[in-house]
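Coordinate-derived values only; no laboratory data. Remember, it's a predicted structure, so these values are computed and weren't measured experimentally. Positions of Cβ are backbone-derived with ideal geometry, glycine not excepted, and every protein chain shown enters the neighbour counts.
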Amino acid sequence: MARTLIKGGWVVSMDEAIGDIRGGDVLIEGDRIVEVGRNIDGGDAQVIDASNMIVSPGMINMHEHTWQTGVRGVVADWTMFEYSQLMHATAVPHFTPDDIRLANLCGALNQLNCGTTTLFDWHHCNATTDHTDAAIDSLEEAGVRAIYGHGQTKTDPKPGEAPFNERPHSRERVERLRKGRLASDDALITMAMCIQGVGFSVWDCIEHDVRLAKDMGLRWSNHTGAQGIPLFADKPIHRLDELGLLGPDADFVHANNFSDEEIQLIVDRGGSITVAPECECNFGHGNPATGRVLAAGGTPSFGIDLESNISGDMFSVVRFGLQFERGMYTDARPRPTKTMPEHLKTRVALEWATIGNARALGMDDRIGSLTPGKKADVILTRGDDLNTCPVHDPVQTLVFMATPHNVDTVFVDGEVRKRGGKLVYTEAALRDSDQPSGQTPPHPDPLRPPGAERESL
């Protein structure tokens, strides 16, 4: 079994029992972390010199519509109304399975490049099972750890068809995956259900979809509570609770206009509330719910949401989320804050993107910290780059200074996915993967026909 010793780095374990170790080592055997400490004897293990690097668990992205990587730079100036109409009603019907495969592949590879090792792919461009299979194929090809969330399209109804908010999730399509290629909960790619839910469904659909998820033993996630988007069902959180359907398998994305009582109820039942602070502020959802989740005794989970309007790296999301919440906290006080409160310190913010998101996924026994026995999802971030040195506090460096440019090495399940600042999956492989066998490989620039001059940007 292959062994790798990451040696002499500044280890940020995110495990309270282990803590941070300056000049620390991490020993990987197969797909697992087997030891964390100093002066580890790795025997015949391959050694990676991590001096001048921060060694930490890979970032976890709790929410992303990965297929929208294919329309980067289109949505940044749209309102939420424009997004709903132009993306879902207009653009989605034009996406082919090949479009989905390439978009998802680029998005998943970008997550790896940015230091994210686990991705919750909230996939709602599922016109056909071919679209579904293309999305899963691309996640597998990229080598990222992923939760494939099977969702529904929100396109305008065809003649005689009910609107999307009145269409329940298809049991047949869910069973096809759950009893087929995504049957295992221990594989690199696992499954969840992404339902229209309390933000976009009538009650009968909400109850049907949640019960279906429970029947299939699946975590379920839904969009909720964005400012200006009314709930279609009356008091759905309380109704779910009364029926015993609200629990740790539930994830509510956004929840900006939820009442404090509703947030408290979700937290009390062990559910997660996922914040996408950059996207929410861009679309005018309302203030991110981060502080209210913390006040309720919960840990907010964090995600990117859309690469069609923001960058795809969790460093930016966590940084923005923390700074926004600090601003809200300070603004609510009549006098200047003398010391930073514990719940708004950088280590807490890093927890949001690592062990906190792992808990929200119910995977904290496997990922989220550098703990012996857990999966070897590890990133090495250079601390001697111009924008990161000198490193006085590795956590502060990760949260406030680091960018994807600084991510030197990425392990997922013990496999190297990025080394020396470059993805193992090359540009050439990406081009060749789109070419049917037996045909001539495309021109090196797939966006430019052979012989054409490249325009300057």
Peptides 37-49, 211-223: what's the order by average Cβ count within 10 Å, highest mean first? 211-223, 37-49
Would you pull out the residues with amide H under 5 Å of M191's amide H, same chain only if 5 or more places away, H placed 1.01 Å from N? Y148
Summing -39500 (n - 2.57) over every DSSP H run of at least 4 in the chain, dividing by its residue total and rounding to the nearest 500, the 222 nm mean residue ellipticity is -7500 deg cm²/dmol
By the mean-Cβ-within-10 Å protection proxy, highest first, 324-331, 153-160 rank as 324-331, 153-160
Check which residues have an amide H placed less than 5 Å from G151's amide H, if you skip close sequence neighbours. H123, C194
I'm spelling it out carefully: the read-out is P(r) over Cα pairs in 10 Å bins from 0, in percent, the candidates are [x] 4, 18, 26, 25, 16, 8, 2, 0; [y] 4, 21, 31, 26, 14, 4, 0, 0; [z] 4, 14, 18, 13, 9, 11, 14, 11, 5, 1, 0, and one was derived from this structure. Which label? [y]
Considering only T381, V407, N357, whose Cα is most displaced toward the positive end of the charge dipole of the range 343-408, charges sitting on Cβ of Lys, Arg (+1) and Asp, Glu (-1)? N357
Can you tell me the order of 24-36, 352-364, 167-179 when each peptide is scored by its average per-residue count of other Cβ atoms within 10 angstrom, highest first? 352-364, 24-36, 167-179
Along the positive direction of the dipole of the chain (beta-carbon charges: Lys, Arg +1; Asp, Glu -1; about the Cα centre), which of T4, P390, T153 reaches farthest? P390
Taking the alpha-carbon centre of each part, the distance from the range 226-304 to the range 326-390 in Å is 20 Å
Compute, for the chain, the length of the dipole vector about the Cα centre, with Cβ point charges of +1 (Lys, Arg) and -1 (Asp, Glu) only. Units Debye, rounded to 20. 520 debye
Nitroxide proxy distance, nm - points 7 Å out along Cα→Cβ at D268 and D133: 4.7 nm
Over the range 59-360, what is the relative contact order in percent, taking alpha-carbon pairs closer than 8 angstrom and at least six residues apart? 20 percent
Treating cross-link reach as a plain straight distance, find the lysines whose alpha-carbon is under 30 Å from the alpha-carbon of K422, omitting any fewer than eight places away in the same chain. K7, K374, K375
Give the separation of the Cα centroids, the range 139-163 to the range 46-121, in Å. 15 Å
Which lysines, on any chain, are close to K214 with Cα under 20 Å apart, when same-chain ones fewer than 8 places away are left out? K179
Here the gain from full extension of C281 to S311, 0.36 nm per residue of separation minus their alpha-carbon distance, amounts to 9.4 nm
How high is the relative contact order of the range 88-211, in percent, with contacts defined as C-alpha pairs under 8 Å that are six or more residues apart? 25 percent
Dipole of the range 59-360, positive direction: furthest Cα of S308, H123, G284, with charges on the beta-carbon: G284
Can you tally the net charge around N52? Count Lys and Arg as +1, Asp and Glu as -1, for every other residue whose Cβ sits under 10 Å from the Cβ of N52. -3
So what's the range 341-388 giving for Rg/Rh, alpha carbon basis, Kirkwood Rh from the mean inverse pair distance? 1.06
